[in-house]
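The values are calculated or read from the model by the stated rules, or taken from the named source; none is laboratory data. The shown structure was predicted, so the numbers you read here are calculated from the model rather than taken from an experiment. Neighbour counts run over all protein chains shown; Cβ positions are idealised from the backbone, glycine included. For accessibility, only protein heavy atoms count, side chains too; no ligands or nucleic acids. Shrake-Rupley method; radii C 1.70, N 1.55, O 1.52, S 1.80 Å.
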Amino acid sequence: THTHITTTMKAQEPSILIYNISKTPNVKSLLKNAVAFGCTTIFVAGQKNFKFDHDEEKSGIPTSVKPLIREGHLNIIKFDKLEECVDHIHSLGMTLVGVEIDESAKDIEAEDCFEPDCTVCFMMGNEGTGMNEKQMRLCDRFVKIRQYGGGTASLNVSIAAAIVLQVYS
């Protein structure tokens, strides 16, 4: 089963899918980034430990984001299972793009990174382990953020989301 608040989306508007993000501050930052970069729909699969109810006093949703939900500018569509969520995303004609360092991933800075007229939903990997096998299998394609230093080839999940959303917009 899934629940949602409105379902209207414009073409070309990016969305994000929040799944397997373990730290509450990262979930909050993902919500803020989504709003900052023009997302009007956020899909959530699982995430039982985080409260997405905008009316609940102890909700995990940042105070700056709550009014947007109440006014209908931001839709949060929740699913119990990742597969159900991905099926719904595909039914809307969207492409699910995983943000992951993978051999098949296109560099986010490449001119042909996104297909013209393609509406995208981005899914980020877990903070510590990246994407699991199920996430990888369900993605239609992958993008990566080129790293220039010799560090760990890893960015904070909300920073990576902000970079990808900025480049896409």
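Observations on the model:
- Being out of contact with any Cys (no Cβ under 8 Å at 6 or more places or on another chain) and either in a helix (DSSP H, G or I) or over 20 Å from Pro14 (Cα atoms) (or both) holds for only one residue in Ala110, Ala161, and it is Ala161.
- Some residue of region 90-101 being of a type in the set (Ser, Thr, Tyr), within 18 Å of Val44 (Cα to Cα) and open to solvent by 10 Å² or more (accessible area, probe 1.4 Å): yes
- Applying the criterion of being surrounded by 20 or more Cβ atoms within 10 Å (Cβ to Cβ) and among the polar types (S, T, N, Q) to the residues of region 124-168, the residue that is nearest to Met94 (Cα to Cα) is Gln135.
- Of the strands (runs of 3 or more DSSP E) contained entirely in region 9-105, those carrying at least 3 residues that are at pLDDT 70 or above, within 15 Å of the chain's Cα centre (by Cα) and farther than 12 Å from Met123 by Cα fall at 75-79.
- Count of region 106-118 residues which are crowded, with 18+ Cβ neighbours inside 10 Å and at pLDDT 80 or above: 1
- When the test is whether a residue is surrounded by 13 or more Cβ atoms within 10 Å (Cβ to Cβ) and in a loop (DSSP other than H, G, I, E, B), Cys121 does not pass it.
- Selection from region 124-158 of residues that are touching a residue at least 40 places away in the same chain (Cβ under 8 Å) and in a helix (DSSP H, G or I): Lys134, Gln135, Leu138, Val157, Ser158
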